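Have a look at the structure below, then the notes.
The values are calculated or read from the model by the stated rules, or taken from the named source; none is laboratory data. A quick note: this is a predicted structure, and the numbers were derived from the prediction, not measured. Here Cβ is always computed from backbone atoms with ideal geometry, including for glycine, and neighbour counts include all displayed protein chains.
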Amino acid sequence: MESYFYTLYQNTFNQADFVAAGFSNETYSYFNLISQHEDTHVRILTSVIGQLGGTPGSECTYNFGSVTNVTTYVSIARVLENTGAMAYSGKYFFEMKYILVLLTVWISYLGAANGIADPILREMAATIATGKQKKNISTWLYCFNHIILYIVVYVLVEARHASYLNILNNMDPFPSPFENATDPSVIIQAIQPFIVSCPFTITVPTIPYIGASYFNGTVPTTNYTSVSSYTDVMYTNDINALNFALVAEHLESTYYNTFAENFTEAEYESAGFPSVTTRSYFTMIREYEATHVSFIQNTIAQRSGTPVSYCSYNFNITNVTEFVQMARIFENTGVKAYDGSINTISDPNIIRSAATIALVEARFASFINLLLGDIPFPDALDPTLTPAQVVNVLSAYQTCPFTPNLPVVLTPSTLNLNVNV
């Protein structure tokens with residue numbers, strides 16, 4: 001849907017039309033870039049579905065009759081991108097333009113994010129649907145983790161788009177500390193007005209949690225008990241993933257607590273930033289980062305884990321421009337950190353929570369990039385950093401009283417689940 005939408009209207013309007021509507025010269029170029037991103041996302045999803053042995057569904061017939069000029073085009077684009085971000089962070093990580101295809105084709109083979117709650121069963125469904133024979137269940141989990149990474153590297157780009165489009169429509173670029181995790185049925189209702197017809201039936205799947213590989217309140221003490229068990233290896237690795245995220249969130253929260261309100265509106269304006277909105281948005285970011293810290297700490301404690309402590313920090317900021325520039329480093333690194341670690345997580349409940357935070361971090365990064373005159377969404381696929389690489393980047397700004405236990409992608413050898421189905 002998004003790909004069709006942007007292709008249609010980028011060919012309808014030109015740069016002069018955007019300028020006449022009150023937008024800047026680069027707005028049309030940014031919309032061209034968004035259009036290219038959406039085309040790339042379609043190609044990737046098509047490839048992934050094909051690799052799973054599925055058949056990508058054809059396009060629906062759309063009607064965007066409410067778009068009559070550039071202003072309404074930008075307004076509808078905001079609706080689509082924000083809805084897309086909500087779809088990804090909800091009960092399924094669905095791409096807006098392919099949500100209908102995934103509901104009818106991909107779910108049949110794989111499930112999505114936490115659609116089939118047990119990651120082992122998700123890959124099992126894929127292998128069965130594609131006619132594969134016996135496969136070790138730990139191999140299935142390993143394969144699924146890679147598919148999660150495929151999804152995440154472009155879902156965060158959708159959030160970057162949404163942040164930018166909110167700004168164009170004079171709305172908050174990041175309206176909540178967590179992306180609104182929306183049920184697929186609500187997503188379908190939201191896009192239904194734009195759909196005339198589809199060559200397939202739209203079916204909303206349910207979300208079974210029977211036999212899921214998720215934390216049930218008891219810390220597991222054995223590595224393997226059944227095909228769908230949440231093992232001690234998974235549990236420990238999930239705690240490590242949460243603490244890894246907490247290290248980054250601690251740094252960001254401390255940074256904004258220290259500097260977000262240190263500079264006056266006049267100083268922001270003198271440095272070339274919009275005075276009132278810039279200062280208020282950084283105050284909002286400070287509050288959201290503190291919320292992320294509390295949420296992760298509570299999640300770890302609820303799982304009988306121990307949250308890591310704060311580190312000592314060295315930011316060396318002397319003026320507002322340096323503050324904004326370093327914020328850009330931290331936020332873009334934070335997005336890459338979630339990109340490169342979310343596929344280490346086994347529990348679908350944590351995956352969903354991580355997604356709702358990561359999407360907001362991407363919104364922060366988009367806003368700050370734009371503030372500094374950078375492209376808010378420079379890549380069709382958000383680059384990733386491994387946990388070790390993230391720790392290396394952050395080591396220039398912090399000294400920690402501990403060595404973090406970094407999460408890893410659980411391979412067949414690390415899982416040691418020697419069961420064939």
| task | Identify all residues within region 76-97 that are modelled with pLDDT of 90 or more and over 18 Å from ARG363 (Cα atoms); write none if there are none. | result | ILE76
| query | How do the pairs read when you match residues in region 37-62 that are closer than 19 Å to THR201 by Cα with residues anywhere that are of a type in the set (Val, Ile, Thr) and at pLDDT 80 or above, using Cβ under 7 Å and keeping only pairs 6 or more apart or on different chains? | reply | PRO56/THR46; CYS60/ILE195; THR61/VAL196; TYR62/ILE195; TYR62/VAL196
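Is it the case that region 3-10 has a residue that's outside any helix (DSSP H, G or I), in contact with a Ser or Thr (Cβ under 6 Å, 6 or more places away or on another chain) and surrounded by fewer than 18 Cβ atoms within 10 Å (Cβ to Cβ)? Quick ask: steps written out before the conclusion?
Let us first name the residues in region 3-10 that are outside any helix (DSSP H, G or I), namely none.
No.
Inside region 221-245, can you point out the residues that are closer than 23 Å to ALA354 by Cβ and either touching a Cys at 6+ places or on another chain (Cβ under 8 Å) or at pLDDT below 70 (or both)? Walk me through how you get there before you give the answer.
Of region 221-245, the ones closer than 23 Å to ALA354 by Cβ are 228-245.
Within region 221-245, SER228, SER229 qualify.
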| query | Does at least one position in region 296-303 carry a residue that is exposed (fewer than 15 other Cβ atoms within 10 Å of the Cβ) and farther than 26 Å from LEU359 by Cβ? | reply | no
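Looking at SER66, is it more than 16 Å from SER163 (Cα to Cα), hydroxyl-bearing (Ser, Thr, Tyr), free of Cβ contacts under 8 Å to residues at least 40 places away in the same chain and touching a helix residue (DSSP H, G or I) at 6+ places or on another chain (Cβ under 7 Å)? Reasoning before the result, please.
Details: more than 16 Å from SER163 (Cα to Cα): yes; hydroxyl-bearing (Ser, Thr, Tyr): yes; free of Cβ contacts under 8 Å to residues at least 40 places away in the same chain: yes; touching a helix residue (DSSP H, G or I) at 6+ places or on another chain (Cβ under 7 Å): yes.
Here the answer is yes, as SER66 does meet what is asked.
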| helices (runs of 4 or more DSSP H) within region 265-365 that include 2 or more residues modelled with pLDDT of 95 or more | 275-302, 320-341
| query | Inside region 319-364, can you point out the residues that are more than 24 Å from SER395 (Cβ to Cβ) and of a type in the set (D, E, K, R)? | reply | ASP347, ARG352, ARG363
| field | Residues of region 255-288 satisfying the condition of being farther than 21 Å from ASP374 by Cβ, touching a Phe, Trp or Tyr at 6+ places or on another chain (Cβ under 6 Å) and of a type outside the set (Lys, Arg) | value | none
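Table: residues versus (1) more than 28 Å from the chain's Cα centre (by Cα); (2) closer than 28 Å to ILE239 by Cα; (3) of a type in the set (Gly, Ala, Ser).
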| site | (1), (2), (3) |
| --- | --- |
| ALA266 | yes, no, yes |
| GLU269 | yes, no, no |
| PRO274 | no, no, no |
| SER294 | no, yes, yes |
| ILE300 | no, yes, no |
| VAL320 | yes, no, no |
| Residue selected from region 11-30 under the condition among the β-branched types (Val, Ile, Thr) and more than 26 Å from the chain's Cα centre (by Cα), by the criterion surrounded by the most Cβ atoms within 10 Å (Cβ to Cβ) | VAL19
| Members of region 150-196 found to be at pLDDT below 85, buried (at least 19 other Cβ atoms within 10 Å of the Cβ) and aromatic (Phe, Trp, Tyr), listed by number | TYR154
| request: Can you confirm whether region 314-334 contains a residue that is under 30 Å from GLY217 (Cβ atoms) and among the aliphatic types (A, V, I, L, M)? | output: no
| task | Scan region 348-399 for residues that are surrounded by fewer than 24 Cβ atoms within 10 Å (Cβ to Cβ), of a type in the set (D, E, K, R) and under 17 Å from the mean Cα position of the chain (by Cα) and jot them down. | result | ARG352, ASP379
| Meets criteria (under 20 Å from ASN237 (Cβ atoms) and at pLDDT 85 or above) for THR403 | yes
